Amino acid sequence: MRSFKTIQNHKIVFFLLVILYSCNNGNTKTNNSTSIVDTKKQTCAVCKTLSRAVMIKATSQNVSADNSASTANMVLIKGGSFEMGSNDFPDSKPVHKVTVNSFYMDVHEVTNAQFAAFVKATGYKTVAEQQLDPKDYPNIPANALVPGSAVFSPPSNKVSLNNPMQWWKYVAGANWQHPQGPQSNIIGKENYPVVQICYTDALAYAKWAGKRLPTEAEWEYAARAGKHFDKFYWGNDLKPNEKFVANIFQGDFPYNNLKEDGYANTAPVKSFPPNAFGLYDMEGNVWEWCNDFYRPDYYKQSPSTNPQGPEDSYDPDEPGAVKHVQRGGSFICSDQYCIRYRAGSRGKGETNSAGDNLGFRCVK
């Protein structure tokens, strides 16, 4: 799928779309509470793209590191070996043995309260809050170039799943403090995962906190928690003991969310049971940035010990975009549409793209 640039009646701000993650648009069959999905047909969710120039400007902001950061609210993940990847997705093949060293990982996704402390200490402005340079968008009217980001905006009726623009909108004023736009806020949601965060923003926070973003291998090793299941990180049943154990979409995507897991949007951190390593929300809730550049062929040549990802980014769907890996899926993932929350699967996102289903956690 290619990037889109859309202006409607000069009243709707532009929407520059890039692939956040590859998804599924196949048929779903359920048997004994286990979801069986045909992964041959793939669609994708989308978000705003900003230029490399804006990325460089953002990363050069003066953010001093808090080197005294402790490992409070982190879990020690003892190193070991595991089988990484999945045979269900073209860019997750081949499944291969990987060994990682020990590291600490945040128990949960970075919250609004934690990110607010970072902003208060540094004055940092996220990419979604920054002005856009008209030189980077020569074909877009200047009055449409306003700060904002992508917001999941489900329609009220059934729609074709071939056009993500039917449930994504570029909303002026959407950012981490106003995830769905100026009319929204995070008051009372201090313990919710921060969203509308692009890779550049996550990297800046990690540097300030004296931490870093996880490698893709570290992330999957932590998510598997010493076990190997083909379907989900928690096991092979979608609903163990008839209960949802992750925040994903139930019902008819994208218009009819049954909220069987209790949430239509993000859930507070620690709302679902932790895995065997004591980590929460390693599937669903919000996508999480990894430090690795994205390449669909990387697993064919990945080192077997502490892989750091490829040296550069390449996505055949958008050859000119710089992308990083995302992991874990989000509250929008549905077995009718997006199955990239499943074990071993990979997501991808343009470095400065954000959305209200995209956050992160750190390691040390």
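Numbers at a glance
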| quantity | calculated |
| --- | --- |
| Count - residues of segment 164-220 that are more than 26 Å from residue 100 (Cβ to Cβ) and of a type outside the set (A, V, I, L, M) | 24 |
| Condition broken by residue 219, with the remaining ones in (1) touching a residue at least 60 places away in the same chain (Cβ under 8 Å); (2) in a loop (DSSP other than H, G, I, E, B); (3) buried (at least 21 other Cβ atoms within 10 Å of the Cβ) satisfied | (2) |
| Which listed residue is closer than 18 Å to residue 332 by Cα and modelled with pLDDT of 95 or more, from 152, 115 | 152 |
| Search result, residues across segment 108-117 that are over 17 Å from residue 291 (Cα atoms) and either of a type in the set (Gly, Ala, Ser) or under 17 Å from the mean Cα position of the chain (by Cα) (or both) | 108, 111, 112, 113, 115, 116, 117 |
| Which numbered condition residue 197 fails, given (1) part of a helix (DSSP H, G or I); (2) surrounded by 15 or more Cβ atoms within 10 Å (Cβ to Cβ) | (1) |
| Odd one out for residue 226, checked against (1) out of contact with any Lys or Arg (no Cβ under 9 Å at 6 or more places or on another chain); (2) in contact (Cβ under 8 Å) with a residue 60 or more places away in the chain; (3) surrounded by 14 or more Cβ atoms within 10 Å (Cβ to Cβ) | (3) |
| Filter result for residue 245 (closer than 29 Å to residue 103 by Cα, of a type outside the set (Phe, Trp, Tyr), in contact with a strand residue (DSSP E or B) (Cβ under 9 Å, 6 or more places away or on another chain) and surrounded by fewer than 24 Cβ atoms within 10 Å (Cβ to Cβ)) | yes |
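A quick yes/no check of all residues on (1) surrounded by fewer than 18 Cβ atoms within 10 Å (Cβ to Cβ); (2) more than 23 Å from residue 188 (Cα to Cα); (3) out of contact with any helix residue (DSSP H, G or I) (no Cβ under 8 Å at 6 or more places or on another chain):
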| position | (1), (2), (3) |
| --- | --- |
| 251 | yes, yes, yes |
| 254 | no, yes, no |
| 285 | no, no, yes |
| 299 | no, yes, no |
| 305 | yes, yes, yes |
| 313 | no, yes, yes |
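The values are calculated or read from the model by the stated rules, or taken from the named source; none is laboratory data. It should be emphasised that the depicted structure is a prediction, and the values quoted were computed from it without experimental measurement. Ideal geometry is used to build each Cβ from the backbone, glycine not excepted, and the neighbour counts take in all protein chains shown.
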